[in-house]
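Here's the structure, in structure tokens; my notes come after.
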Amino acid sequence: MKRLVSLILALMLALGVVCAASAEEKQYDRVTITYTCPQVVAGYDYNAPNGDGYSNWILGKFNIDFQGTNVSWNDWMNNLVTWIYAQDMTDVAIYNFSENTATTATDIVNQGLLFRLPDDWKERWPGVADVYSKTSLGPMLEELYGGTYFIPRARFYYNLPGDPLANHWCLWMRADWIKAVGKEVKHSYTIPEVIEICKLIKEQDPGQVGANLLPLEMDTGNAASFFLRANSTYWDTFYKDADGKYQWGAAAPETLEGLKLWYQAYKVDEVLDPEYYLLDHEKDLENFQTLGIAGVSYLGGQTADVENYRKTFRDRTGHEYEDFHMANLLGADGYYHQRDLINFWGAVCFKPDVDPAVFERWMDLMEWTCSKEGYPATSMGLKGEDWDFDENGEIISLIDPQEVQLAGAVGEAKYPSLGHVLGSVILWDDLAMDNPNIREDLRDESKLLYKLRTDESTPETFTKVDWNLYMNGSEELLAVNGIQYADEFSNMITTATSEEELVNLYNEWIESKQAIVQPALDALNK
Amino acid sequence: MTGNPVKTKRTFREWLTHLGKRIYLEKERYILILPGIVWYIIFAYIPIFGLSLAFRKYMAKLGMFGSPWIGLKNFQRVFADPAFFTSIITTLRINAGRLIFVFPFPILFALLINEVRLGRSKKVLQSIYTFPNFLSWVIVASIMINVLGQRGLVNGILSGAFGIKPIAFLGKPEYFRPVVFATDVWKTAGWSAIIYMASISGIDVEQYEAAEIDGASRLQRIWYITLPGIKTTILVLFILAVGNLMSGGFDQIFNLSNSATLKVAETLDMYIYRITFKGSVDFGFSSAVALFRSVINMLLLIVADRVSKAVGGSGLLG
Amino acid sequence: MTATTKKRKHRQLRDRFELMDGIILFFLIIMAIMILFPMVNVLALSLATQKEAAENPLMLFPSQPTIDNFYRLFQDPRILIGYKTTLLIVLIGVPLNMLLTTSLAYGLSRTSFPGGKFLFFGVLLTMLFNGGIVPMYLLMMELKLTKSLLSVLLAYGVNTFYFIITRSYMMSLPDALVESAKIDGAAEWRIFFSVILPLSKPILATVLLFYAVDRWNEWYNAMIFLRRNDLIPLQLVLRTIVMDSNIVNSLSIAGPRVPRFTEGIQSATIIVTMLPIMCFFPFLQKYFVKGIMVGAIKA
């Protein structure tokens, strides 16, 4: 009897809680939503009871049965476009929008193979609309297509470092070695300054590494970024000159200048890894971070990772955080060079005949992930368990980041579902700047580097995106887009035996590409 | 055609009856091949018509066969790039080299393994030779960097024993093809040898016994019995390899090449990869290249088959 | 193997072990070492720590062996789904492959029947021409096979190359056997099952092995046709795990980035892939590795 009473009491209590909850929350019917993205963990069941604490909670909150499809990075666009063209895509998909996929995007929109968002979507989901307005790509596409088909996901929203947006790539340097050879540890170095430091490191070997020492360590792609992109803003594309005519950046004098610096570092000063062209799968990173045999590298520096990198470095080499220094790279002219990274990565799109309930549910989910409360959750987990707001509304962590790994691989991380899969429209970079799980001084340094990239540039060296070029899908331009600049230039470096020969190879190459470059220029200047 | 119509009609009818009889006689054979043929029609022939995309602009809502024709536009785009033709030459050079330097090895392996007298060791050896087949080219390439790199095993031995300065085996265009052939033999010869070994197993044992009695030497036995016994297999595989001269080996080239060997490594596959890898998805372009490649391969196959027949071998095409 | 053949073989061994045998064996053992060395290296890497592997990439024995890499693979719940799916694909797919291939190979081993040549050329042509993935996908959709394992099973029915080698083997069988069976009034399928197939054991074992390995390694079709989390084949799971451990950094995408030992995990996946095949290999091997003087195929 007593039991029965307590059971009834408990039931009533539960009912009360549900009623109270429903007072503030919408009551959702169950919907099944299919989704494609390379970040979906293949074979992982996100749904309760099989998912993790976070996925079970958020999918429960929105009452979604989530069916994710993983595509591998290499096959991403091929598979997605195959499914789109076959009119058999998932309800929601992430389209890898870029200069190279823009033509296909325009084609599928024109063929009516994607869902056109209702015209009032911005009023109904104001949070998403505001993030969308800061992605540059979104509003531009909307104007071009006369409606919204893509919702680009913003890299930054609350913490946008600048417009144009800087890339995070930066110098990784051994501070202890720089000091040992009598050079200054600072926030920015020009390319010749770095080569000079590497020369001293090579001569003095301050770390006693011996024969394995790699003063300047980077793979072909990173070397091209280091010597060419950092020196010549348009090294691998077209640009408008002072007269408003399009020119080919590979033929610009700064590109040749960068190429000569590359040659100097490789064959004259011999500071660059003699077999840099064999490095792949982040071997340059490994040599710096895991083995501690490299002096300077040019690698990623996302705020989210600045501590992770140093942690691995400390664990593997025994050196403290302080010996691992990150800095900006400037061209020989002393300015920071880059083209707008554009504040988005990957765009959300829907299948043309998506069920309105599915569409609305996903929009609601996205709306929640850009709210003040939802946005920390997408990278920090459950509020009240992993993080919370203090009395000032600041985010505080409730876990020990040294002990608990929140996101990551299945079997290792607390929440493998964390990431950009479950609705995020603001990516990780943003919260990383406020994330208390990352050491504050490192975050501050990272923010400073972002700021300096803008400060140490001019509008000519750090430029905004040229949408006319970006969206240009002419066949002439597509043919030029196939040139792999980094490999082509690197080939000149390994082939040449003197600077003179390098210049000859360069001129011959420029000449040989005219067959496809000139038609593209003509098309652009028409 | 000069015969009078009545006569033609009669022979036609005769021919038809005759045909009907022949078909009836072979009815069991038709039933036997039916499942295979049905599979080919559905899963190979229907999709083949997708190649018509090379001449069409694909419109999803109109379907594969309703999409509008655009003529040779896709081909014009393919042929406009001089790098396309260079890549064809590169492909043919590498694959012709394979015919000479790689193709004979599985045969040699099979013959040698077959000559081993100790039953157990023979099986063990043969198993070992098949191992590398299970390594992906990514792995083989990273092993090669450790073996052939400037700090690798071979350079270590060369400089240790002879004081030779490190050689960039993987970074010089002139070493690229030899490295491709050597690694190809290393990885695939043991596996491919299985086909020849199966073929050897089918040779009539009495022939060997007779040779034994006649006192034939080992080389004579190989030359007069084993080799003729597997000649058909060799020829068939050779003709197929010729018919494959324009394709193949992408994984290998992709993983073994680097920016230093760019000019000798850009095969047709690599070219297509380069043009499409940044994510521009263009089925018309891919279909045009695929169609072009298939036609060349077919011509090569036919030539190889005729030549094989002309020199007295048996052809593939009957 | 009968007692006499055994005895004969031993006598041979004693009597005829010539210099030539020594040379051949020497050459083959050298080759075996060249192959074993990197294989042992892969095994060692799979058991090593990242630091040791980076310092000494050519190692043969890890100084502090660890099963960390294997542990990482097997703690992943997807591995079980992978094994289950792949096993299904192999167990249903390979018999299907064998049935289609061998019946067609025998049926077309003689092309003198009406339409025979035409059909044979038709089959050959598919080796040269294929329409690519889009038409295949549209076809699978039309047949309502996407999201069903049948798509993966049927997409790879006959490998034309294997068909050709099987056919050319069957063509090399003595005609007399078929003729005598025919005189006895046997139907074609009787001849096929009771005369041709038993005589073709070496090539059947070979093609069976090839199909089994192809099926075992299958992932691409599953990726594009299936799109189901409860049906992903082993190789796709392994690929994902390796890729998880090598998250693409160069695309400037922020995301969780935990340093993982890619080479170690990759090596472990190779071992995991190879072991089952190697266990199954000897059962087939006996059909194509034979002594010259032993194992007569003639009944």
Taking A:Lys414 as the anchor, which aspartates and glutamates have their alpha carbon closer than 15 Å to its alpha carbon, excluding any fewer than eight residues away along the same chain?
-> A:Asp45, A:Asp52, A:Glu385, A:Asp386, A:Asp400, A:Glu403, C:Asp76
Pop a pseudo-label 7 angstrom from the Cα along the beta-carbon direction at both C:Phe193 and A:Asn74 and give the gap in nm to one decimal.
-> 4.4
Global geometry of chain A, whether rounded, prolate or oblate, following the gyration tensor of its Cα atoms and the 1.5 cut on a/c | oblate
Going by alpha carbons, how many degrees (0 to 90, nearest 10) lie between the helix axis of A:253-263 and the longest principal axis of chain A?
-> 80
When chain B is treated as a Gaussian network with springs between alpha carbons less than 10 Å apart, the largest mean-square fluctuation among B:Arg293, B:Arg117, B:Arg22 is found at B:Arg22
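Can you pick out the pairs among A:Lys183/A:Lys267; A:Lys245/B:Lys73; A:Lys245/A:Lys526 whose Cα atoms lie more than 20 Å from each other?
On the way: A:Lys183/A:Lys267 23 Å; A:Lys245/B:Lys73 28 Å; A:Lys245/A:Lys526 10 Å.
Result: A:Lys183/A:Lys267; A:Lys245/B:Lys73 exceed 20 Å.
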Given region B:76-310, what count of lysine pairs have C-alpha atoms under 28 Å apart, with each pair 8 or more places apart or on different chains?
-> 12
Kindly rank A:118-127, A:449-458, A:194-203, A:287-296 from highest to lowest mean number of other beta carbons found within 10 Å of each residue.
-> A:287-296, A:194-203, A:449-458, A:118-127
What's the center-to-center distance, using Cα atoms, between region C:148-171 and region B:132-208 in Å?
-> 30
Prolate/oblate/rounded call for region B:76-310, Cα gyration tensor, a/c under 1.5 rounded = oblate
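Counting alpha carbon pairs within less than 8 Å and at least 6 residues apart, what relative contact order, in whole percent, applies to region B:76-310? Could you put the intermediate results ahead of the total?
Working: 202 pairs, mean separation 72.2, N = 235.
Reported relative contact order: 31 percent.
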Work out from phi, with θ = phi - 60° and the Karplus expression 6.51 cos²θ - 1.76 cosθ + 1.60, the ³J(HN,Hα) of each residue of region C:265-281, listed in order in whole Hz, and give x for Gly and Pro.
-> 5, 4, 4, 5, 5, 4, 4, 5, 6, 6, 3, x, 5, 5, 5, 8, 4
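For chain A, what does the helix formula give at 222 nm: sum of -39500 (n - 2.57) over DSSP H segments with n ≥ 4, over the residue count, nearest 500 deg cm²/dmol? Could the numbers behind the result be given before it?
Values: 22 runs with 217 residues, N = 526.
After summing the helix terms and dividing by residue count, I get -12000 deg cm²/dmol.
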At R0 = 41 Å the Cβ-Cβ FRET efficiency linking B:Ala310 and B:Ala182, nearest 0.05, sits at 0.80
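Quick one: compute the contact order of region C:14-66, relative version, from alpha carbon pairs under 8 angstrom and 6+ residues apart, as a percent. Walk me through the intermediate numbers first.
Values: 27 pairs, mean separation 15.9, N = 53.
The normalised contact order for region C:14-66 reaches 30 percent.
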Acute angle (nearest 10 degrees) that the helix A:514-525 long axis makes with the longest principal axis of chain A, alpha-carbon atoms | 60
So, with points 7 Å from each Cα along the Cβ direction, the A:Asp88-B:Ile31 label distance in nm works out to 3.5
With springs connecting C-alpha atoms under 10 Å apart, model chain B as a Gaussian network and identify which of B:Leu19, B:Leu300, B:Leu227 has the largest mean-square fluctuation.
-> B:Leu19
Over region B:55-128, relative contact order from alpha-carbon pairs under 8 Å, at least 6 apart, % | 15
Show that you can apply the helix-only estimate: for chain B, add -39,500 (n - 2.57) for every DSSP H stretch of four or more residues, divide by all residues, and state [θ] at 222 nm to the nearest 500.
-> -22000 deg cm²/dmol
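Take the alpha carbon gyration tensor of region A:297-387, find the square roots of its eigenvalues, order them as a ≥ b ≥ c, and report rounded if a/c is under 1.5; if not, report prolate when a/b exceeds b/c, else oblate.
On the way: a/c = 3.32, a/b = 1.63, b/c = 2.03.
Oblate, since a/c reaches 1.5 and b/c is not below a/b.
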Amide H neighbours of A:Phe324 under 5 Å, at least 5 residues apart or on other chains, H built in the peptide plane: list them.
-> A:Ala175
For region C:14-66, the Rg and Dmax computed from alpha carbons only, in angstrom = 17.0, 54
If you average 1/r over all unlike Cα pairs in region B:215-307 and invert the result, what Kirkwood radius do you get in angstrom?
-> 16.3
Out-of-range pairs (alpha-carbon distance over 28 Å; input A:Lys134/A:Lys372; A:Lys351/C:Lys147; A:Lys199/A:Lys447) | A:Lys199/A:Lys447
Other-chain or far-sequence residues with amide H under 5 Å of A:Thr190's (modelled H) = A:Leu330
Packing-wise, with mean Cβ within 10 Å as the measure, how do A:224-236, C:222-234 rank, highest first?
-> A:224-236, C:222-234
Could you give the DSSP H helices of chain B that reach 20 angstrom or more along their long axis (alpha carbon positions) and whose average Kyte-Doolittle hydropathy is no lower than -0.5?
-> B:82-101, B:173-201, B:227-242, B:283-310
Under 19 Å from the Cα of B:Lys27, which lysines turn up, not counting those fewer than eight places away in the same chain?
-> C:Lys117, C:Lys182
With chain B treated as a Gaussian network of Cα nodes joined by springs under 10 Å, which of B:Ile157, B:Ile89, B:Ile203 yields the largest mean-square fluctuation?
-> B:Ile157
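Size of the dipole of region A:21-142 about the Cα centre, Lys and Arg at +1 and Asp and Glu at -1 on the beta carbon, nothing else charged, in debye to 20?
Numbers: 7 positive and 16 negative charges, 17 e Å.
My answer is approximately 80 debye.
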Determine which lysines satisfy two conditions relative to A:Lys26: a Cα distance under 18 Å, and not lying fewer than 8 residues away in the same chain.
-> A:Lys61
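Read the figures in this text as sums done on the coordinates, not as results from a lab. Note that the structure is a prediction, hence the values are computed from the model and not measured. Note that we place each Cβ from the backbone using ideal geometry, even for glycine, and neighbour counts take in every protein chain shown.
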